[in-house]
1. Among the residues of the stretch 32-48, is there at least one that is more than 14 Å from the chain's Cα centre (by Cα), more than 16 Å from the ligand (Cβ to nearest atom) and open to solvent by less than 50 Å² (accessible area, probe 1.4 Å)?
2. Quick one: what pairs do we get from the stretch 3-26, first residue under 18 Å from VAL40 (Cβ atoms), second of a type in the set (Phe, Trp, Tyr) and within 16 Å of the ligand (Cβ to nearest atom), C-beta under 6 Å, 6+ apart or different chains?
3. Considering every residue within the stretch 167-189, establish whether at least one is surrounded by fewer than 21 Cβ atoms within 10 Å (Cβ to Cβ), touching a His at 6+ places or on another chain (Cβ under 7 Å) and closer than 18 Å to ARG153 by Cβ.
4. Residues being open to solvent by 10 Å² or more (accessible area, probe 1.4 Å) and within 16 Å of the ligand (Cβ to nearest atom): count how many of those fall in the stretch 86-101.
5. Which condition does GLY191 not pass, out of (1) within 30 Å of PRO54 (Cβ to Cβ); (2) under 17 Å from the mean Cα position of the chain (by Cα); (3) away from the ligand (no atom under 16 Å from the Cβ), if it passes all the others?
Amino acid sequence: MSYVKLGLHNVRVGNIFCIGRNYAAHVAELGNRPESEPLVFLKPTSALLREGAPIPLPPYSRDVHHECELVALIGKGGDDIAEADALEHVAGYGIGLDMTARDAQEEAKRKGHPWTRAKAFRGSACVSSFTPAANVSDPQALDIALRVNGEPRQQGNTGQMLFPVAAIIRHLSQHYGLSDGDLIFTGTPAGVAAVRPGDRLELSLSGLVDAHWDVAR
Ligand code: MG
(Lines give C-alpha, C1' and ligand atoms only; values in the text may rest on other atoms or scores of the structure.)
Protein backbone atom coordinates (compact mmCIF):
# COMPACT_ATOMS: atom_id res chain seq x y z
CA MET A 1 0.00 0.00 0.00
CA SER A 2 1.22 3.49 -0.79
CA TYR A 3 0.95 6.37 1.64
CA VAL A 4 2.07 9.98 1.84
CA LYS A 5 2.44 12.17 4.91
CA LEU A 6 0.00 15.03 5.47
CA GLY A 7 1.26 16.81 8.55
CA LEU A 8 1.50 13.99 11.09
CA HIS A 9 -0.97 11.70 9.33
CA ASN A 10 -0.55 9.02 6.69
CA VAL A 11 -2.87 9.30 3.70
CA ARG A 12 -3.40 6.40 1.34
CA VAL A 13 -2.68 7.47 -2.24
CA GLY A 14 -5.35 6.89 -4.87
CA ASN A 15 -4.68 7.86 -8.47
CA ILE A 16 -1.62 9.81 -9.58
CA PHE A 17 -2.59 12.36 -12.21
CA CYS A 18 0.07 14.43 -13.96
CA ILE A 19 -0.24 17.52 -16.11
CA GLY A 20 2.18 18.15 -18.97
CA ARG A 21 3.09 21.40 -20.69
CA ASN A 22 1.72 23.70 -18.00
CA TYR A 23 4.44 26.40 -18.02
CA ALA A 24 5.07 28.34 -21.23
CA ALA A 25 8.87 28.43 -20.86
CA HIS A 26 9.00 24.65 -20.41
CA VAL A 27 6.65 24.09 -23.37
CA ALA A 28 9.08 26.15 -25.45
CA GLU A 29 12.27 24.45 -24.20
CA LEU A 30 11.01 21.09 -25.46
CA GLY A 31 9.79 22.56 -28.75
CA ASN A 32 6.10 21.92 -28.00
CA ARG A 33 3.05 24.14 -28.39
CA PRO A 34 0.71 25.12 -25.54
CA GLU A 35 -2.39 22.92 -25.21
CA SER A 36 -5.98 24.17 -25.35
CA GLU A 37 -6.89 21.98 -22.37
CA PRO A 38 -4.74 20.30 -19.69
CA LEU A 39 -2.55 17.47 -21.04
CA VAL A 40 -3.13 14.58 -18.64
CA PHE A 41 -1.16 11.41 -18.06
CA LEU A 42 -1.06 8.91 -15.20
CA LYS A 43 1.48 7.11 -13.09
CA PRO A 44 0.82 3.90 -11.12
CA THR A 45 1.14 3.98 -7.32
CA SER A 46 4.15 1.66 -7.72
CA ALA A 47 5.97 4.70 -9.16
CA LEU A 48 5.77 6.52 -5.80
CA LEU A 49 9.08 7.23 -4.10
CA ARG A 50 9.09 8.78 -0.68
CA GLU A 51 11.83 11.04 0.51
CA GLY A 52 15.10 9.38 1.36
CA ALA A 53 14.87 6.46 -1.05
CA PRO A 54 17.35 6.54 -3.96
CA ILE A 55 15.87 7.38 -7.36
CA PRO A 56 16.31 4.33 -9.60
CA LEU A 57 17.11 4.90 -13.27
CA PRO A 58 15.42 2.55 -15.74
CA PRO A 59 17.98 0.41 -17.58
CA TYR A 60 16.53 1.28 -21.01
CA SER A 61 17.13 5.04 -20.70
CA ARG A 62 20.28 7.12 -20.97
CA ASP A 63 18.53 10.46 -20.54
CA VAL A 64 16.38 10.61 -17.39
CA HIS A 65 15.28 14.16 -16.60
CA HIS A 66 14.11 15.83 -13.42
CA GLU A 67 10.83 17.74 -13.57
CA CYS A 68 10.24 19.56 -10.28
CA GLU A 69 6.54 20.23 -9.65
CA LEU A 70 3.93 21.41 -7.17
CA VAL A 71 1.89 18.38 -6.09
CA ALA A 72 -1.67 18.71 -4.78
CA LEU A 73 -3.19 16.05 -2.51
CA ILE A 74 -6.95 15.67 -2.89
CA GLY A 75 -8.72 15.37 0.45
CA LYS A 76 -12.29 15.16 -0.76
CA GLY A 77 -12.97 13.63 -4.17
CA GLY A 78 -15.81 14.43 -6.49
CA ASP A 79 -17.13 14.64 -10.02
CA ASP A 80 -17.82 17.86 -11.92
CA ILE A 81 -16.22 20.09 -9.30
CA ALA A 82 -16.72 23.76 -10.07
CA GLU A 83 -13.59 25.85 -10.35
CA ALA A 84 -14.86 28.16 -7.60
CA ASP A 85 -15.07 25.21 -5.16
CA ALA A 86 -12.00 23.33 -6.39
CA LEU A 87 -9.45 24.40 -3.80
CA GLU A 88 -11.73 23.22 -0.99
CA HIS A 89 -11.06 19.69 -2.26
CA VAL A 90 -7.30 19.99 -1.67
CA ALA A 91 -6.01 18.57 1.62
CA GLY A 92 -2.40 19.61 1.19
CA TYR A 93 0.41 20.77 -1.03
CA GLY A 94 3.81 19.24 -1.52
CA ILE A 95 6.64 19.20 -3.99
CA GLY A 96 7.80 16.36 -6.17
CA LEU A 97 9.67 15.09 -9.17
CA ASP A 98 8.01 13.78 -12.31
CA MET A 99 11.06 11.79 -13.39
CA THR A 100 11.02 11.37 -17.15
CA ALA A 101 13.01 9.13 -19.48
CA ARG A 102 13.27 11.77 -22.19
CA ASP A 103 14.71 9.43 -24.82
CA ALA A 104 11.87 6.95 -24.25
CA GLN A 105 9.38 9.82 -24.42
CA GLU A 106 10.80 11.04 -27.75
CA GLU A 107 10.56 7.51 -29.12
CA ALA A 108 6.96 7.17 -27.87
CA LYS A 109 6.01 10.50 -29.47
CA ARG A 110 7.60 9.40 -32.75
CA LYS A 111 5.80 6.06 -32.77
CA GLY A 112 2.50 7.41 -31.44
CA HIS A 113 2.83 5.17 -28.37
CA PRO A 114 1.68 5.96 -24.81
CA TRP A 115 4.17 7.63 -22.46
CA THR A 116 4.11 4.84 -19.87
CA ARG A 117 7.71 3.72 -20.47
CA ALA A 118 8.90 7.32 -20.24
CA LYS A 119 6.89 8.52 -17.28
CA ALA A 120 5.60 5.66 -15.15
CA PHE A 121 8.61 3.53 -14.27
CA ARG A 122 9.28 2.50 -10.68
CA GLY A 123 10.44 5.48 -8.62
CA SER A 124 9.36 8.05 -11.22
CA ALA A 125 6.92 9.82 -8.86
CA CYS A 126 8.97 11.35 -6.03
CA VAL A 127 6.80 13.17 -3.48
CA SER A 128 7.58 15.12 -0.33
CA SER A 129 5.42 15.26 2.74
CA PHE A 130 2.45 17.62 2.40
CA THR A 131 1.69 20.81 4.25
CA PRO A 132 -2.01 21.21 5.07
CA ALA A 133 -3.85 23.36 2.53
CA ALA A 134 -4.76 25.76 5.34
CA ASN A 135 -1.10 26.85 5.35
CA VAL A 136 -1.28 27.91 1.69
CA SER A 137 -3.33 31.05 1.14
CA ASP A 138 -2.79 31.08 -2.64
CA PRO A 139 -1.48 27.99 -4.49
CA GLN A 140 -0.76 30.21 -7.51
CA ALA A 141 1.82 32.23 -5.57
CA LEU A 142 4.33 29.54 -4.61
CA ASP A 143 8.02 29.40 -5.52
CA ILE A 144 9.29 26.10 -6.86
CA ALA A 145 13.03 25.56 -6.64
CA LEU A 146 15.29 22.64 -7.47
CA ARG A 147 19.02 22.50 -6.82
CA VAL A 148 21.17 19.71 -8.21
CA ASN A 149 24.44 19.14 -6.31
CA GLY A 150 23.96 22.57 -4.77
CA GLU A 151 23.51 24.41 -8.10
CA PRO A 152 20.16 26.09 -8.92
CA ARG A 153 18.59 24.12 -11.78
CA GLN A 154 14.84 24.87 -11.86
CA GLN A 155 13.15 27.97 -10.49
CA GLY A 156 9.58 28.94 -11.13
CA ASN A 157 6.47 30.34 -9.57
CA THR A 158 3.10 28.63 -9.71
CA GLY A 159 1.65 31.95 -10.90
CA GLN A 160 3.20 31.02 -14.28
CA MET A 161 0.95 27.97 -14.74
CA LEU A 162 -1.09 27.97 -17.95
CA PHE A 163 -3.84 25.98 -16.17
CA PRO A 164 -4.04 26.87 -12.46
CA VAL A 165 -4.72 24.23 -9.83
CA ALA A 166 -8.46 25.01 -9.66
CA ALA A 167 -8.84 24.63 -13.43
CA ILE A 168 -6.93 21.33 -13.35
CA ILE A 169 -9.21 20.01 -10.59
CA ARG A 170 -12.30 21.04 -12.54
CA HIS A 171 -10.97 19.29 -15.66
CA LEU A 172 -9.88 16.06 -13.91
CA SER A 173 -13.09 15.80 -11.90
CA GLN A 174 -15.19 16.31 -15.02
CA HIS A 175 -13.42 13.77 -17.25
CA TYR A 176 -12.04 11.16 -14.86
CA GLY A 177 -13.48 11.83 -11.40
CA LEU A 178 -11.30 12.62 -8.42
CA SER A 179 -11.02 10.44 -5.31
CA ASP A 180 -9.82 11.01 -1.77
CA GLY A 181 -6.05 10.58 -1.73
CA ASP A 182 -5.44 11.33 -5.40
CA LEU A 183 -2.22 13.19 -6.20
CA ILE A 184 -1.91 15.77 -8.95
CA PHE A 185 1.51 16.66 -10.37
CA THR A 186 0.82 20.10 -11.80
CA GLY A 187 3.59 20.46 -14.40
CA THR A 188 7.16 21.69 -14.40
CA PRO A 189 8.72 25.10 -15.00
CA ALA A 190 11.68 25.44 -17.39
CA GLY A 191 15.13 24.05 -16.70
CA VAL A 192 14.62 20.30 -17.04
CA ALA A 193 17.83 18.36 -17.58
CA ALA A 194 19.35 14.92 -17.23
CA VAL A 195 20.40 13.49 -13.88
CA ARG A 196 23.44 11.31 -13.24
CA PRO A 197 24.00 8.51 -10.72
CA GLY A 198 24.87 10.01 -7.34
CA ASP A 199 23.32 13.44 -8.01
CA ARG A 200 21.63 15.09 -5.03
CA LEU A 201 18.33 16.80 -5.82
CA GLU A 202 17.05 19.37 -3.28
CA LEU A 203 13.53 20.72 -3.69
CA SER A 204 11.82 23.62 -1.98
CA LEU A 205 8.26 24.90 -2.08
CA SER A 206 8.29 28.51 -0.85
CA GLY A 207 10.00 27.48 2.38
CA LEU A 208 6.83 25.54 3.32
CA VAL A 209 8.08 22.12 2.24
CA ASP A 210 11.59 20.89 1.55
CA ALA A 211 12.67 17.49 0.31
CA HIS A 212 15.68 15.81 -1.19
CA TRP A 213 16.56 12.67 -3.08
CA ASP A 214 19.76 11.10 -4.34
CA VAL A 215 19.92 9.38 -7.69
CA ALA A 216 20.92 5.75 -7.29
CA ARG A 217 24.54 4.87 -8.13
MG1 MG B 1 6.03 16.88 -15.64
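The values are calculated or read from the model by the stated rules, or taken from the named source; none is laboratory data. Just so we're clear, the structure is a prediction, and the values are computed from it rather than from any experiment. A quick note on method: Cβ atoms are made from the backbone with ideal geometry, for glycine too, and the neighbour counts reach across all protein chains shown. These area figures cover heavy atoms from the full protein model, side chains too; ligands, DNA and RNA do not enter into them. Shrake-Rupley method; radii C 1.70, N 1.55, O 1.52, S 1.80 Å.
1. no
2. What qualifies is CYS18/PHE41; CYS18/PHE185; ASN22/PHE163.
3. No, the stretch 167-189 has no match at all.
4. Within the stretch 86-101, residues that are open to solvent by 10 Å² or more (accessible area, probe 1.4 Å) and within 16 Å of the ligand (Cβ to nearest atom) number 0.
5. Among (1) within 30 Å of PRO54 (Cβ to Cβ); (2) under 17 Å from the mean Cα position of the chain (by Cα); (3) away from the ligand (no atom under 16 Å from the Cβ), the lone unmet condition for GLY191 is (3).
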